[in-house]
Every structure is written in C-alpha cells, then in structure tokens.
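Worksheet: the structure to be examined is printed underneath.
The values are calculated or read from the model by the stated rules, or taken from the named source; none is laboratory data. Fair warning: this is a prediction, and the values are worked out from it, not measured in the lab. All Cβ positions, even for glycine, are placed from backbone atoms using ideal geometry, and neighbour counts span all protein chains on display.
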Amino acid sequence: MRVVCRVRIAGLCDRSQRVFPSGCKLRQRPVPDVFHLDYLSCALTVLSTVLVARKMWAGLVVAGINSILICLIGLKTSQFGLIPANLFCIVVYLTSLRSWLRPQTR
C-alpha cells in the first residue's frame with residue numbers, strides 16, 4: 001500500500017504528480033487562470049480607506065463588502081480565524097453607518 005501525501009491549495013486542480021523515493025506522491029497543482037480574491041480584497045481595502053478618509057459613508061459599505069469577501073477567503077483557505085474577526089468588523093461598520101446616517105440634532 002502506498003502513502004499519498006498531498007499539498008492542498010484551495011481551488012487548484014490536479015495535473016501532475018511527483019513520486020519521491022519513499023513512495024510518497026506530491027501532487028503539484030498549477031496556478032489557476034482566475035482573478036485572486038486576495039487582490040480584490042486589497043483593492044477594496046484601499047478604496048474603503050480613501051472613502052472613509054474623505055468622510056464618505058460609502059467607505060463603510062465598501063469595508064463591509066470587503067469583510068464579507070475576507071470571510072469567503074477564510075472559508076476557502078480553511079483559515080477560520082478570519083471569520084469571527086470580520087463578522088465583528090461588519091457589526092462595527094453597521095453600527096457606525098447607522099450613527100453616521102442618523103439625522104443630527106443640534
């Protein structure tokens with residue numbers, strides 16, 4: 001019986017295998033031709049920072065969308081620690097957005 005060792009990279013398909021002297025196979029997976037979610041998250045982070053710096057409430061909406069995207073990245077890559085932190089951020093964004101849009105009485 002042969003032992004199969006796998007390098008698991010989320011979302012990549014098997015195309016080739018390399019057999020080591022111990023009989024262990026390392027599956028090498030090519031880089032997919034799709035847009036990486038981490039690049040999108042980076043762009044959304046920069047955009048939300050610029051919008052909030054300009055005192056625009058839309059920056060909080062973009063930051064919330066980015067947090068949802070980071071949760072998806074965490075699920076896809078099995079980095080489950082990202083999920084509770086970003087859910088907390090979403091709650092903070094919603095609270096801030098509600099107070100930001102509330103009519104101010106002076």
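Would it be correct to say that C24 is farther than 26 Å from S99 by Cβ, of a type in the set (A, V, I, L, M, F, W, C) and modelled with pLDDT of 50 or more?
Judged against the criteria, C24 is a match.
Within region 74-106, restricting attention to residues that are out of contact with any helix residue (DSSP H, G or I) (no Cβ under 9 Å at 6 or more places or on another chain), free of Cβ contacts under 8 Å to residues at least 24 places away in the same chain and among the polar types (S, T, N, Q), which residue is surrounded by the most Cβ atoms within 10 Å (Cβ to Cβ)?
The residue in question is T95.
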